[in-house]
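For reference, the structure is listed below as structure tokens.
The values are calculated or read from the model by the stated rules, or taken from the named source; none is laboratory data. Every value quoted in this text rests on a predicted model; they were computed, and no experiment measured them. Every residue, glycine as well, gets a Cβ built from its backbone with ideal geometry; the counts of neighbours run over all protein chains shown. Ligands, DNA and RNA are excluded from the accessible area calculation, which covers all protein heavy atoms including side chains. Shrake-Rupley method; radii C 1.70, N 1.55, O 1.52, S 1.80 Å.
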Amino acid sequence: MYSAPQTEQVTGFKTGRKAPNRHPVDGLDGFHSGTVRRVEAKEHVFCEGDPRTHVYRIEDGVIALSKVLSDGRRQIIDFAYPGDYIGLGMFGDHVFDAQATCACKVKCLPTSQLEHDAARDPALAFRLYNAVSAELSAARRLLVSVGQGTAMERIASFLIELKGRGGHTGEDLINLPMRRSDIADLLGLTIETVSRTLTKLRMMRVIEIQNGNDVRILDSHRLEEIAG
């Protein structure tokens, strides 16, 4: 089992890059006084099978949520960005891995405290239900994309979702704080296909790649057409 490192008590923590909150659970008093844990790149926040003891809010960086398949391959389920919550659910143990794609900070709140508060506050319980529903919706969108889309359609859909959900520094500038292999494992592609497809989109003048990890969308309408 993964043993969590020491955490530090923090209040009013500020992040470098803010993303839209995908999970509508703002206003949880416990997170104002929660502990912040520093997570290095490739370090796990938790592993599949670990006891579910905390819910985590991403403060800085990006966390990859994944499962290891029976043949040893990794399938990334989703990426969590600043403002997102991970560790929600009703299972006693975690059902996937949560690994940092870069240096991250996550704020931790014991699940016992969150569940106690939810039992006393129907509005909070409803917000948590919406958060879990959002995770399920994201998983279904991924299933459709991977099951039906071409490589070009999958990459285009991925970039559009990033633009609308977070991980970007401007209206049309998207930051990719993950490796090409992480994107490949999310979309069911090879690293070579991801790189080749991004290059093709660049040659089509749909996107522009800057500094290796920044993608500027030059033609949003064309990108949406490609995504279908």
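Remarks
- Rolling a 1.4 Å probe over the protein heavy atoms of the range 179-228, with every protein chain left in place, gives an accessible area that is 46 percent carbon and sulfur.
- Packing here is the average count of other Cβ atoms within 10 Å per residue, and on that basis the peptides 125-132, 57-64, highest first, run 57-64, 125-132.
- Each peptide among 179-190, 209-220, 73-84 gets the average number of other Cβ atoms lying within 10 Å of its residues, and from highest to lowest they stand as 73-84, 179-190, 209-220.
- Ordering G83, A184, A156 by Cα displacement along the dipole of the range 82-222 toward the positive end leaves A156 in first place; charges were set at the Cβ atoms of Lys, Arg (+1) and Asp, Glu (-1).
- Under the Debye formula (equal points on every Cα, no solvent term), log10 I(q)/I(0) of the range 28-88 at q = 0.21 Å⁻¹: -0.95
- Shown in residue order for the range 124-129 are the 3J(HN,Hα) couplings computed by the Karplus curve 6.51 cos²θ - 1.76 cosθ + 1.60 at θ = phi - 60°: 5, 4, 5, 5, 5, 4 Hz (x for Gly and Pro).
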